[in-house]
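Here the structure comes first, spelled out in structure tokens, and everything after it is commentary.
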Amino acid sequence: MSIWDLAPKELRALTPYEPGKPIEEVARELGIPASSIIKIASNENPLGPSPRALEAVREMLAESQLYPDGGCFHLRQTLAEHLRVKPGQLVFGCGSNEIIELVFHAFLSERNGSVIASQYAFIVYKLLSQLFGATFIEVPAKNFAHDLEAMRAAIRPDTRAICIANPNNPTGTRISNAELEKFVRSIPSHILIILDEAYYEYMDSPAHTQEWTAEFPNLIVSRTFSKIYGLAGFRIGFGVFHPETAEIVQRCRQPFNTSSLAQVAAIAALKDTEHARLSREVNTAGMKRICAFFKGRGVEFIPSEGNFLMAKVGDGSAFFKKLLQKGVIIRPLGGYGLKEWVRISIGTDEQMAKLETAWAAVS
Ligand SMILES: *Cc1c(COP(=O)(O)O)cnc(C)c1O
């Protein structure tokens, strides 16, 4: 007997998520100092966390022997006010990925439904569907974007959830506010709509989807402090739900699933509107710069509403390795069935300059 025989077949068949390559690992492999390497592979904020968040964390550190407030009282109040929702509509998680996992625990643990998502959608939905024994229905993308009509048409009697990333990672494509609202209204109330808005704060005039949840108990809006707020290492995200849906999902979480450090960091980050504004500004400038660079070189790319961009390079994996030799970490997309494409996170002006130099040298 092998210990693998004890694991469910879905788990045995699972290919684990492949994260961006850490700087330290590249430094070790190439034998060059970490300081000479840039990582623009995981859509992290190149400005780092808000200095105010770091200050709050420093103050909190000395109390690390205490368990956190599992209910996140202070963060809940601050965020509810910020989003104009009721405190009881929020659930916090160890990143927004945990929120999505908690939703699966709550509503897909019977291992018999199907889940719909778009081709090229964020891969976590497929992984979770496999893990929970749900049939994963992948709907072909339209010009790399979610085809909402086709996704609705793919609904089967056993469909339990539809996952949407808006903007989507890795394609950067966005659904218009009007189209999104029409879609939410058109989905039967027994099917969950998991709306993953990790890049919400980067969008121009986004819909106030968090407010829609009060009307639609089947709508789940997940957002994060990992991206524009620069707190990916702290692991904190949240979901906005109808109050009853929130209550169900709350039952699935561990009592202390977010740390006290993450909670105070998130509060301070929310209050530091200047840092968020600057982060957005740097992103807009970097995006403009890199798009101009690609246009100048005739590189095909998909216009993005996030803090990253997908470009066509031929052999994505080979190109990734060549850039790695120049100390630039990007993300190949073979795992998404996009072998000819790579994804680049938008960095500071200096990082974009380094990318351009390295790009010109290897292509
Ligand atoms: C980065 C990202 C997340 C965020 O994950 P966290 O667990 O909050 O760090 C969620 N969804 C998408 C589409 C992402 O790209």
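Would segment 73-160 count as rounded, prolate or oblate if I go by the C-alpha gyration tensor, calling it rounded below 1.5 in a/c and otherwise prolate when a/b exceeds b/c, oblate otherwise? The shape class here is prolate. In this model, which of 227/312; 227/295; 21/86; 227/326 are farther than 30 Å apart at the alpha-carbon? The pairs that break the limit, which is 30 Å between Cα atoms, are 21/86.
Only Cα pairs under 8 Å and 6+ residues apart enter the sum, and on that basis the relative contact order of the chain stands at 23 percent.
For the peptides 222-229, 196-203, residues were scored by their other Cβ atoms within 10 Å and the scores averaged per peptide; the highest-first order is 222-229, 196-203. In terms of its C-alpha gyration tensor, segment 1-132 has an oblate overall shape, because the principal axis ratio a/c (a ≥ b ≥ c, square roots of the eigenvalues) is not below 1.5 and a/b does not outweigh b/c. The overall shape of segment 140-265 is oblate: from the C-alpha gyration tensor, with semi-axes ordered a ≥ b ≥ c, the ratio a/c is 1.5 or greater and a/b is no larger than b/c. Computed about its Cα centre, the charge dipole of the chain is approximately 700 debye, with only Lys, Arg, Asp and Glu carrying charge at their Cβ. Seen from all directions on average, the chain presents a Cα convex hull projection of 19.5 nm².
We did not get these values from a lab; they are worked out from the coordinates using the rules stated. A quick note: this is a predicted structure, and the numbers were derived from the prediction, not measured. Note that each Cβ is placed from the backbone with ideal geometry, even for glycine, and that neighbours are counted across all protein chains shown.
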